[in-house]
Structures are given as C-alpha cells and as structure tokens.
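Okay, structure first, notes after.
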Amino acid sequence: MEEFFKGLERMEKIHIPGLEALPQHTVVLEIDEFLLGLDSLTPIQGQLQIIHQGNYLQVSTEAQAIVTLKCDRCLQQYNHRLTVEAAELIWLSPESDAAVEPNLEIEVTLDDPVETLSPQGYFDPQDWLYQQLSLQLPYRQLCDQNCEGLMEEIAQQVEQPLDRRWAALESLRTQLQHEI
Ligand SMILES: [Zn+2]
C-alpha cells in the first residue's frame, strides 16, 4: 500500500485493485506538472479525482494551464489559457482487451461509460488528463480574432517590388517625354 501512495504523488499509473482497497475507494491527485506532448508555459495545475465505483471508475478533473499555440494565420506563437472541467466514467470489464461482442446491443448515452479498462489493470492519470486537455484546444488557433495573418505581409511583399518597377517605368516615361 505504501508503494501505491508513493506512485500517486507523481501522477503515475494507478493500479485499479489498489484503488479499490482504499477505505473510500478514492484518490485525489494534486496536479502541478508539465505533461509530455502538451507545450505549456506553466505547469498544469488542478485536481484529478478517481473513485472506484465497483464496476466502473468515476474520474473527474478541474485543471488549467497556459499553453503555447501557433496561430493558424500568422504562424506566430501565442499563449492561450486552457481550462478543463471534465468527468468521465470508465467501465471496468475483464474482457476490455477482447473485441466487443458485435451482437451485443448497448444503448450508449452520453452518461454511459464508453471507455473500458481491465479491473486488474492500471489507470493512467497523465494520459487521461492529456486527452481532456487536448479536447479543449481551440479548433481554430488564432493569436487574435482579428489577426490579419500572413495575407497582409505577403500582399506587401508582392506589392513592393511591383511598385518599384512601376516607379522605374514611370521615371523612364517622364524621361522619354522630356527628350521628345
Ligand atoms: Zn496571428
């Protein structure tokens, strides 16, 4: 059991039977760390609660971080405050590794557990939190709603040499007019 608690401090994988053996079948993890794969300026901070409910895990979190994103328009990096408030039920099924019975009719509503884990297996809080945070990432990443992006810069770059050529042509024409 001591080993079990040591792992919890570092958001390591949680052995599901160990969780069930706890008096309240519950662990609350204090989150204050960077997550692999998520480019964040600050560590992710918040809480993650896992309750063993017999045949399912009830997992919930409230967390936030400042992540570094790349603007879709101007390609500049910018900071974005990411907050997540999520809850999910994870079904514990011994057959979770096996293929789901195709003839089994299951009515899936939003509240029903859709993910499954083996009751003898592990729950990975880092991976779960990463998924929840990823879901909160904006579909369109813009440094600013009014970002003009590269379009203006490209337009200027294209216009300038043209202007110079027109100017050269213009001065040539003036020169010719004077000579005539
Ligand atoms: Zn931008």
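Every read-out reported here was derived from the displayed coordinates using simple, explicitly stated rules and does not represent laboratory data. Just so it is clear, the model here is predicted, and its values are computed rather than measured. Glycine gets a Cβ as well: all are built from the backbone with ideal geometry, and neighbour counts include every protein chain shown.
Quick notes
- Tally of residues being part of a strand (DSSP E or B) and either of a type outside the set (Ser, Thr, Tyr) or within 16 Å of the ligand (Cβ to nearest atom) (or both) across segment 49-66: 12
- Residue selected from segment 67-97 under the condition loosely packed, with under 15 Cβ neighbours inside 10 Å and part of a strand (DSSP E or B), by the criterion farthest from the ligand (Cβ to nearest atom): ALA87
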